[in-house]
């Protein structure tokens, strides 16, 4: 491809970052970008790391034929003569893509994809919109009386569905491409991750040092307790490989209908009362709706390369450093409960049909 100055650029280098012959010391061997051939310690988002310093970035976007989706649904429904109506349905499906296109800006869609092997070497993984499983149930009953001039309706609706997809990434730019979007390597043992000490302050201002052993104990416990992570230890996390918890929601509606006859025309007045997320009315732990910002969790902190020298005379190695603080968790979870949609709500409606 020929751009600007007439120089030809290989298609796999269109981000304008030059891959560096750098190899991490450890189990993680992902590709990496650097400021120059002899200084792998700074952010790669500068002119020294570019194939052509005249351009900040050289980006060529095109369509791909990779990606697919499928969905299978079954439903049972019955309408009874005495006013009862019931339905139950189940759907199951998956969606796979290279880029889920969640932004209105094409550059952002390309730039911030969570990945391991670089933005020009994306792997086909589950989409941000991967549906998973969904159950839908509905039952309603209608009773007419007073010569059919009035009727009462009651209905109950249930929706249960898989939680949103979730990606585990590093808090830090491990491959130096200028974005915090690097999927973690899930350590199998403490030998797979170079945890280093960090300090915090207690309520009295005293310094507390958190040792690598203490961090590993906490990290190991978290990995062992997560359904996705415990099955993929010793591997790279997949984009959207994990999921938020399954979600349940019940809605109840009561409606009173009045038929109002004016001449030869019959109008209807409907007064309804809806209870949304009914389960939460009886138990504050029921009906919770979960979300994770950008469908990702910063599981482990990447803090740079190991320095055998000093700050004034550094001697960096190829060994990455990490800390585990649990800072990416909310009450021990990589997600939060939506404050509004997790609450029960009531609403009154009036409708006149003529």
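The values are calculated or read from the model by the stated rules, or taken from the named source; none is laboratory data. Small disclaimer: the values here were computed from a predicted structure and weren't measured. So basically every Cβ, Gly included, is an ideal-geometry build from the backbone, and we count neighbours across all protein chains shown.
Within segment 67-88, the set of residues being farther than 30 Å from residue 148 by Cα and surrounded by 12 or more Cβ atoms within 10 Å (Cβ to Cβ) comprises 67, 69.
Restricting attention to segment 296-332, the residues that are closer than 30 Å to residue 163 by Cβ, at pLDDT below 95 and assigned to a strand (DSSP E or B) add up to 1.
Among all residues of segment 201-213, there is at least one that is surrounded by 17 or more Cβ atoms within 10 Å (Cβ to Cβ) and touching a residue at least 40 places away in the same chain (Cβ under 8 Å). Among the residues making up segment 129-146, those that are within 19 Å of the chain's Cα centre (by Cα), surrounded by fewer than 19 Cβ atoms within 10 Å (Cβ to Cβ) and assigned to a loop (DSSP other than H, G, I, E, B) are 129, 131. In the condition set (1) touching a strand residue (DSSP E or B) at 6+ places or on another chain (Cβ under 9 Å); (2) without any contact (Cβ under 8 Å) to a residue 40 or more places away in the chain; (3) farther than 23 Å from residue 287 by Cα, residue 129 is compliant with all but (3). Scanning segment 229-272 for residues that are touching a helix residue (DSSP H, G or I) at 6+ places or on another chain (Cβ under 8 Å) and outside any loop (DSSP other than H, G, I, E, B) gives 229, 230, 242, 248, 249, 250.
In this structure, residue 92 does not satisfy being at pLDDT below 90 and outside any helix (DSSP H, G or I). Taking the criterion of being more than 24 Å from residue 133 (Cα to Cα) and loosely packed, with under 12 Cβ neighbours inside 10 Å, would at least one residue in segment 294-305 satisfy it? No.
I'd like the full set of residues that are within 15 Å of residue 216 (Cβ to Cβ) and within 17 Å of the chain's Cα centre (by Cα), limited to segment 176-194. Answer for segment 176-194, where residues must be within 15 Å of residue 216 (Cβ to Cβ) and within 17 Å of the chain's Cα centre (by Cα): just 184.
Consider residue 205 carefully, then state whether it is touching a strand residue (DSSP E or B) at 6+ places or on another chain (Cβ under 9 Å) and either assigned to a helix (DSSP H, G or I) or on the phi > 0 side of the Ramachandran plot (or both). Answer is no for this residue. Within segment 333-351, restricting attention to residues that are surrounded by fewer than 10 Cβ atoms within 10 Å (Cβ to Cβ) and in a strand (DSSP E or B), which residue is farthest from the chain's Cα centre (by Cα)? Among them, the one singled out is 350.
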